[in-house]
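Peer 1: Pasting in a structure now, in structure tokens, and then I'll have a few things to ask.
Derivation of every value follows stated rules applied to the coordinates shown; laboratory data play no part. Everything numeric here is computed off the predicted structure, so don't read it as measured data. As a convention, Cβ positions derive from the backbone with ideal geometry for all residues, glycine included, and neighbour counts pool all protein chains shown.
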Amino acid sequence: MSIPILGGARLLFRVDPLPRESPRGYLCRVAQEHGYCGPLSLAQIAGLPTSGLERDDSAKQIAHVLRLEPEEWQAMCYRHIGGRNRFEQRSFYGQRISDDDLNYDRPRICPRCLKQRPIWWAVWDLGLVTTCPIHRCQLVNQCPVCKRRLAWQRPSVHKCRCGLDLCTLTAEAATPDLVAINAAIYRAAGFPPGESAELDLAAGGFPAEVLRLGLGALLRFALFVGASREKEKLRRKQRPFTATDLAVATEIDRGAVALLRDWPRPLRELLRNMLPPDVTDLAALNFSKIFGNFYRHLFRVLPRGEFGFLHDAFESFVVEDWPGLIRGQHRYFSFAVRRSSHWVAANKAERTARTTGTRIWDLARQGQVDAIFLNVRGGGSRTECWIRRESLNQ
Ligand SMILES: [Zn+2]
Ligand SMILES: [Zn+2]
């Protein structure tokens, strides 16, 4: 036995944890098999406060009580692996996710999964998992008999606090869009979503890159696109989301699918819908003002290295549909975009048109080429001249 003896009581026998079982669900199952009334009894046996069951610094002690190797418990519990406060990161079976991705307080279940096997799967602990893709039904987080929310502290994994057998519940059927996005999350989390859901996923037309994202990145991306959309437009501010809220999570899942389906067409439409209908002053069009939170997030939270497909789609929109200039703050854009945008600065236009700067300015002033003159302040006032690229070919 390599377990150090820390003193204090231990359980009489060990319950083998299953791969990808929820750590909370495991504790619930252990308590049930030992005939305790719920997982908090285990904290009492360990001599820990109830919060101690999930703390990194009591992990060794918990493992001892449970008769697990410390590494076994460590691999299973969502241990803290960096970041601070609201950027706290946790390990979800080896994958890095945000603390905010986890739903601790309002547990969800799939009645049909429980019926097959009374195990609480870790994937149900993710706030954006709203649907079981295997059984094509929505997850349940409230008891229809006592009307109370399901709790971690319950007599067994498949029993409500009121004693209702949760396997007997009928869950609401899920729409194909919910099946598809949840299947994508299941896959990223290492849970096979089942053959039928794989078909929905394939039919969804999501960008292939999305299906290759790690779990943390996929959750960040789904939350971003799902919470940024409202009707046919982008929201000024991303919709707030707490992982416990099943109804909002369902809306976010749906929003994400609406944007990812037949990629990149819906995103392009959404971006076009944000442009003002009548633009009189092209020079005044500003990416930050028009795309707000989406624009800031794109460059700060979703880096090109991981989310190249999103940047590519945005850049294609800019090249083809953005009527304004790309200047100054738009250092974010790749060279290819600046080279193909609708408007080109006069000094760059010289090279393209193989002519001198003064000639271009003259043509612009005479109205022979389509041009915008822009007074720029800062370090003395100066005038910039921008030429419509198409008119250079004449
Ligand atoms: Zn299920
Ligand atoms: Zn109940």
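Peer 1: Taking only the alpha carbons of the chain, what extent do you get along each of the three principal axes, in Å, biggest first?
Peer 2: Cα spread of the chain along its principal axes, largest to smallest: 92, 44, 32 Å.
Peer 1: Still on this structure, I have one more. Using only helices, what value at 222 nm comes out for the chain when you add -39,500 (n - 2.57) per DSSP H run of length 4 or more and divide by the total residues, to the nearest 500 deg cm²/dmol?
Peer 2: Here the helix-only value at 222 nm equals -11500 deg cm²/dmol.
Peer 1: Below 8 Å between Cα atoms, with a sequence gap of 6+, how large is the relative contact order for the chain in percent?
Peer 2: 11 percent
Peer 1: Which of Asp101, Asp278, Asp253, Asp321 has the fewest other C-beta atoms within 10 Å, and how do the rest follow up to the most?
Peer 2: Ascending number of Cβ neighbours within 10 Å: Asp278, Asp321, Asp101, Asp253.
Peer 1: Further question: Report the charge-dipole magnitude of segment 257-394 in Debye, nearest 20, computed about the Cα centre from +1 at each Lys and Arg Cβ and -1 at each Asp and Glu Cβ.
Peer 2: Here segment 257-394 has a charge dipole of around 460 debye.
Peer 1: Okay, next question. With a ≥ b ≥ c the root eigenvalues of the C-alpha gyration tensor of segment 1-77, is it rounded (a/c under 1.5), prolate (a/b larger than b/c) or oblate?
Peer 2: Here segment 1-77 falls in the rounded category.
Peer 1: Spelling out what I want: for every residue of segment 17-29, take phi, set θ = phi - 60°, compute 6.51 cos²θ - 1.76 cosθ + 1.60 (Karplus), and round to whole Hz; glycine and proline get x.
Peer 2: Coupling constants for segment 17-29: x, 9, x, 6, 7, 5, x, 5, x, 5, 4, 5, 5 Hz.
Peer 1: Is segment 74-113 rounded, prolate or oblate when judged by the Cα gyration tensor, a ≥ b ≥ c being the square roots of its eigenvalues, rounded requiring a/c under 1.5 and prolate requiring a/b larger than b/c?
Peer 2: Since a/c reaches 1.5 but b/c is at least a/b, the shape of segment 74-113 is classed as oblate.
Peer 1: Same structure, new question: Can you list, by residue number, the Cys in the chain that have no neighbouring cysteine C-beta under 4.7 Å?
Peer 2: Cys28, Cys37, Cys77, Cys137, Cys167, Cys385
Peer 1: Nearest 10 degrees, 0 to 90: what angle lies between the long axis of helix 304-321 and the longest principal axis of the chain (Cα atoms)?
Peer 2: Between helix and principal axis, roughly 40 degrees.
Peer 1: Out of Thr242, Ala222, Leu211, whose Cα points farthest toward the positive end of the dipole of segment 111-263 (charges: +1 Lys, Arg; -1 Asp, Glu; placed on Cβ)?
Peer 2: The residue sitting farthest along the positive end of the dipole is Thr242.
Peer 1: Something else now. Expressed as an acute angle from 0 to 90° and rounded to the nearest 10, what is the orientation of the C-alpha long axis of helix 246-260 relative to the principal long axis of the chain?
Peer 2: Its long axis makes an angle of about 40 degrees.
Peer 1: Here is a further query. As I understand it, the dipole of the chain uses +1 on the Cβ of Lys and Arg and -1 on the Cβ of Asp and Glu, about the Cα centre. Which of Val65, Cys77, Leu270 lies farthest toward its positive end?
Peer 2: Leu270
Peer 1: Using alpha carbon centroids, what distance separates segment 185-226 and segment 76-95, in Å?
Peer 2: Here the two parts' Cα centres lie 21 Å apart.
Peer 1: How would you classify segment 95-155 from its alpha-carbon gyration tensor, with a ≥ b ≥ c the square roots of the eigenvalues: rounded for a/c under 1.5, else prolate if a/b is greater than b/c, otherwise oblate?
Peer 2: Note, shape of segment 95-155 comes out oblate.
Peer 1: Please report, in debye to the nearest 20, how large the charge dipole of segment 114-247 is about its Cα centre when each Lys and Arg carries +1 at its beta carbon and each Asp and Glu carries -1 there.
Peer 2: Computed about the Cα centre, the dipole is about 640 debye.
Peer 1: What residues qualify as long-range amide H neighbours of Glu230, i.e. H under 5 Å apart, gap of 5 or more or another chain, H built at 1.01 Å from N?
Peer 2: Hits under the 5 Å cutoff: Arg235.
Peer 1: Please report the relative contact order for segment 181-234, taking Cα pairs under 8 Å with a sequence separation of at least 6, and give it as a percent rounded to a whole number.
Peer 2: Worked out over segment 181-234, it gives 37 percent.
Peer 1: Would you mind calculating the gained length between Arg296 and Lys60 on full extension (0.36 nm times residue separation, minus the Cα-Cα distance), in nm to one decimal?
Peer 2: Full extension of this stretch gives 80.7 nm more.
Peer 1: Project the alpha carbons of segment 33-148 onto their principal axes and report the range along each, largest first, in whole Å.
Peer 2: 38, 37, 24
Peer 1: Compute the distance from the alpha-carbon center of segment 296-347 to that of segment 48-71, in whole Å.
Peer 2: 50 Å
Peer 1: Give me the net charge of Asp16's neighbourhood, meaning all other residues with Cβ under 12 Å from the Cβ of Asp16; Lys, Arg count +1, Asp, Glu -1.
Peer 2: That sum, taken over residues with Cβ under 12 Å, equals -1.
Peer 1: Helix 287-300 versus the longest principal axis of the chain: what is the Cα-based angle in degrees, 0 to 90, to the nearest 10?
Peer 2: In the chain, helix 287-300 runs at an angle near 50 degrees to the longest axis.
Peer 1: Then there is this: Run the count for the chain, please: Lys pairs, Cα-Cα under 28 angstrom, 8 or more apart or on different chains.
Peer 2: 7
Peer 1: Treating only the Cβ atoms of Lys and Arg (+1) and Asp and Glu (-1) as charged, compute the dipole magnitude of the chain about its Cα centre; round to the nearest 20 debye.
Peer 2: Charge dipole, the chain, about its Cα centre: 760 debye, nearest 20.
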